Amino acid sequence: MTNTTKFKVAICGAGIGGLTTAVALSKCPEIEVEVFEAASQLGEVGAGVGIFPRPWEVIRLLDLEEELLKHSEAKRTDGLNTMFTYRKSDQAEGLEFFDLKMKGNLMAFHRADFQKVLLNRLPAACRIHCSKRLKSYTQNGLSSGPNSIELFFEDGSSSTCDVLLGADGLKSAVRKSWVAEQTGSGLGVDGILDLADPVWSGTTAYRALIPAEKLRVRAPQHRSLTQFTKFLGKNGFVITYPISHGKLINFAAFTARHDLENSKFDGPWMCPVNKSEFAPYFEHWEPDVQELFEVVDTALRWAVHVTRPLPSFVSRNVALLGDAAHAMTPHQGSGAGQALEDAYTLATLLSHPSVTRSTIHTALTVYDEIRRPASQEAATRTRLSGRYITFADDLSSSFWQKGRAEQLEELRAIGMAVEKNWVWAWTTSVQDDVERALIRLEESLTASRSSL
C-alpha cells in the first residue's frame with residue numbers, strides 16, 4: 001500500500017459481480033484492489049446470461065459496450081422490441097398467445113465471453129488470486145489500521161484489507177461469517193443463523209448449449225434459431241435463445257414444485273445429467289419442444305436455490321453483493337443485472353473523493369440503503385413471474401372447456417400481468433438510483449462533519 005492509496009479493497013469472488021466491481025473501482029487508482037477466487041482457475045459456470053436495458057447502463061458507464069457487442073449477434077436498439085414470444089406448449093398443438101415487448105432489447109452473451117471482457121479490462125495493478133477459498137474474516141484489532149479486516153483462507157494463508165466485498169455467490173463464505181458476526185451485534189433479528197444457508201426454490205433447471213447447426217439439420221425453420229421463445233406449461237417451461245453470433249442456442253428446461261418452496265433439495269445442487277431425467281416431463285408437449293429435446297443429449301441440472309431476505313447487506317466495513325446478498329430465481333433474468341447494479345453503486349460510493357478509510361462504513365451504509373430494497377424487490381418480482389409462467393395460480397378451472405378465443409383471452413391476461421410485473425427492467429434507471437445514493441452520501445458525510 002503506497003502513501004497515495006486511500007484504502008485497500010478485497011473482493012471475494014471473480015464472477016460477473018466481483019469482476020465488474022474490480023473494473024469499476026479501477027477507475028479510481030487511489031484504491032488498491034485484490035480479488036480472491038475459490039476456484040483453481042477462472043471460468044464461469046453456466047451458459048447464457050441476459051442483460052436488460054436498465055443494467056446495460058452500467059455497461060455503457062464502464063465503457064464496456066463496444067467490446068461486449070463483439071460477442072453478441074444482437075444489435076443494440078432503444079426502440080420497442082419483442083423480447084419473448086410466449087406459447088402455451090403443454091399440449092399437442094402449441095398456442096402462441098403473447099409477445100412481451102420492451103423498450104430497448106435484451107442482450108444475451110455466453111458467460112465465459114462476458115467474464116473474458118471484464119478480465120481484459122482489469123489493470124495489472126489489480127491482483128487476482130485463485131485457489132483462495134475464504135474460511136472466515138475478523139474485523140478490527142490489527143495494527144495496520146482502525147478498520148482493518150483479516151481474511152483467513154482454507155489453505156491456511158491470510159490477508160488484510162480495509163474493505164471486504166463478498167461477491168462469492170450463493171454459498172457465500174462471506175455471508176456465513178457475516179451471519180456469525182451478527183449473533184453478537186444486537187441486530188435483533190429472529191432466526192439470524194438461518195440466513196447463512198440458501199433454500200431450494202422448488203424449481204429445477206436443466207441447462208444446455210445446443211449447436212445451432214445440429215438443430216437446423218433436425219428442424220431448419222425452428223423458431224429457437226432466430227428468436228427468444230418461452231414454451232410454457234403447467235408447472236414447467238422451456239426457454240431458448242441464440243447466443244455466440246447464432247452459433248449456439250441457449251436451452252433451459254424448468255420444472256416447478258411450488259409446494260416444495262423453501263425446503264431442502266435432496267441431491268447435488270448442480271451436476272450433469274442425461275436427458276432421460278427430465279425429458280419425460282415434457283413428452284406430451286408440442287412438436288417444437290420435442291425437436292429441441294431430440295438434439296439435447298445431456299444437460300447441467302441446477303436446483304435453483306435462493307437466499308432468504310437479509311436485514312442488511314453490510315456489517316461495519318464488509319458488504320455483500322450479487323448472489324451472496326440476494327440470490328433469486330431466474331424468471332426475470334435479473335440476477336446478473338442486479339450484480340452489475342450492486343457493483344457500480346458500490347464502486348461509485350467508495351470512489352467518492354470524500355470517502356476515506358475513516359468513512360468507509362458511511363459509504364457502505366448508503367449502499368445498503370439504496371441497493372437492498374431494490375434487489376429484494378427484484379427477487380420478489382422474479383418469484384411472482386415464475387408463478388405466472390408456470391400457471392401456478394391463474395388458469396381457470398374451466399380453461400379446457402372454453403373455446404380457442406376465450407382461451408387466448410385468458411392467456412393474454414397472464415401475459416399482460418407478466419409484462420406489468422417486469423416493466424421496471426427497461427423503464428427505470430440505474431443512474432437515478434446512483435445519483436440518489438451520492439446525494440445521500442454527501443448528506444451523511446456533512447452530518448458527520450457537523451457533529452465533530
Exercise. Inspect all residues belonging to the range 264-282 and state whether any of them is small (Gly, Ala, Ser) and surrounded by 13 or more Cβ atoms within 10 Å (Cβ to Cβ).
Key: yes
Quiz item: Given the conditions (1) touching a helix residue (DSSP H, G or I) at 6+ places or on another chain (Cβ under 6 Å); (2) open to solvent by less than 10 Å² (accessible area, probe 1.4 Å); (3) under 26 Å from Leu232 (Cβ atoms), and given that Ala363 satisfies all but one, which numbered condition is not satisfied?
Solution: (3)
Exercise. Report the residue count in the range 160-184 for those that are part of a loop (DSSP other than H, G, I, E, B) and buried (at least 22 other Cβ atoms within 10 Å of the Cβ).
Key: 5
Quiz item: Across the range 432-452, what is the number of residues that are touching a helix residue (DSSP H, G or I) at 6+ places or on another chain (Cβ under 8 Å) and modelled with pLDDT under 95?
Solution: 3
Practice problem: Consider Thr382 carefully, then state whether it is open to solvent by less than 10 Å² (accessible area, probe 1.4 Å), within 19 Å of the chain's Cα centre (by Cα) and closer than 30 Å to Thr4 by Cβ. | Solution: no
Self-check item: Some residue of the range 63-75 being touching a Gly at 6+ places or on another chain (Cβ under 9 Å) and either open to solvent by 10 Å² or more (accessible area, probe 1.4 Å) or among the hydroxyl-bearing types (Ser, Thr, Tyr) (or both)
Solution: yes
Practice problem: Just one of (1) surrounded by fewer than 13 Cβ atoms within 10 Å (Cβ to Cβ); (2) in contact (Cβ under 8 Å) with a residue 24 or more places away in the chain; (3) not in a strand (DSSP E or B) trips up Leu292, so point out which. | Solution: (1)
Exercise. Restrict the check to the range 340-353 and report whether at least one residue is under 30 Å from Pro211 (Cβ atoms) and either of a type outside the set (Gly, Ala, Ser) or under 16 Å from the mean Cα position of the chain (by Cα) (or both).
Key: yes
Quiz item: Can you tell me which residues in the range 316-332 are open to solvent by 10 Å² or more (accessible area, probe 1.4 Å) and of a type in the set (Gly, Ala, Ser)?
Solution: none
Quiz item: Regarding Ala124, is this residue outside any strand (DSSP E or B), within 22 Å of Ala22 (Cα to Cα) and free of Cβ contacts under 8 Å to residues at least 40 places away in the same chain?
Solution: yes
Quiz prompt | Counted residues, the range 249-263 - those being open to solvent by less than 40 Å² (accessible area, probe 1.4 Å) and of a type outside the set (S, T, N, Q) | solution = 6
Quiz item: Can you name the strands (runs of 3 or more DSSP E) wholly within the range 1-95 that have at least 2 residues being within 30 Å of Pro287 (Cα to Cα) and of a type in the set (D, E, K, R)?
Solution: 80-88
Self-check item: Pair list, Cβ under 9 Å, 6 or more apart: the range 52-76 residue without any contact (Cβ under 8 Å) to a residue 40 or more places away in the chain, other residue exposed (fewer than 13 other Cβ atoms within 10 Å of the Cβ)
Solution: Leu69/Lys75
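Residue-by-condition table, conditions (1) out of contact with any His (no Cβ under 9 Å at 6 or more places or on another chain); (2) assigned to a strand (DSSP E or B); (3) more than 23 Å from Phe109 (Cα to Cα):
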| site | (1), (2), (3) |
| --- | --- |
| Ser312 | yes, no, yes |
| Ala319 | yes, yes, yes |
| Ala324 | yes, no, no |
| Glu341 | yes, no, no |
| Leu349 | yes, no, yes |
| Ser358 | yes, no, yes |
| Leu364 | yes, no, yes |
| Ile370 | yes, no, yes |
Quiz item: Within the range 309-317, is even one residue closer than 30 Å to Ala212 by Cα, of a type outside the set (Asp, Glu) and modelled with pLDDT under 95?
Solution: no
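For (1) of a type in the set (Gly, Ala, Ser); (2) outside any strand (DSSP E or B); (3) at pLDDT 95 or above; (4) more than 25 Å from the chain's Cα centre (by Cα), each residue gets a yes or a no:
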{"position": "Asp197", "(1), (2), (3), (4)": "no, yes, no, no"}
{"position": "Trp200", "(1), (2), (3), (4)": "no, no, yes, no"}
{"position": "Thr203", "(1), (2), (3), (4)": "no, no, yes, no"}
{"position": "Leu209", "(1), (2), (3), (4)": "no, no, no, no"}
{"position": "Pro220", "(1), (2), (3), (4)": "no, yes, no, yes"}
{"position": "Gln227", "(1), (2), (3), (4)": "no, yes, no, no"}
{"position": "Leu232", "(1), (2), (3), (4)": "no, no, yes, no"}
Exercise. Determine whether Arg87 is open to solvent by 10 Å² or more (accessible area, probe 1.4 Å), touching a strand residue (DSSP E or B) at 6+ places or on another chain (Cβ under 6 Å) and of a type in the set (Lys, Arg).
Key: yes
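The values are calculated or read from the model by the stated rules, or taken from the named source; none is laboratory data. Predicted model only: the values in this text are computed from it and were never measured. Glycine gets a Cβ as well: all are built from the backbone with ideal geometry, and neighbour counts include every protein chain shown. The area values use the complete protein model at the heavy-atom level, side chains included, leaving out ligands, DNA and RNA. Shrake-Rupley method; radii C 1.70, N 1.55, O 1.52, S 1.80 Å.
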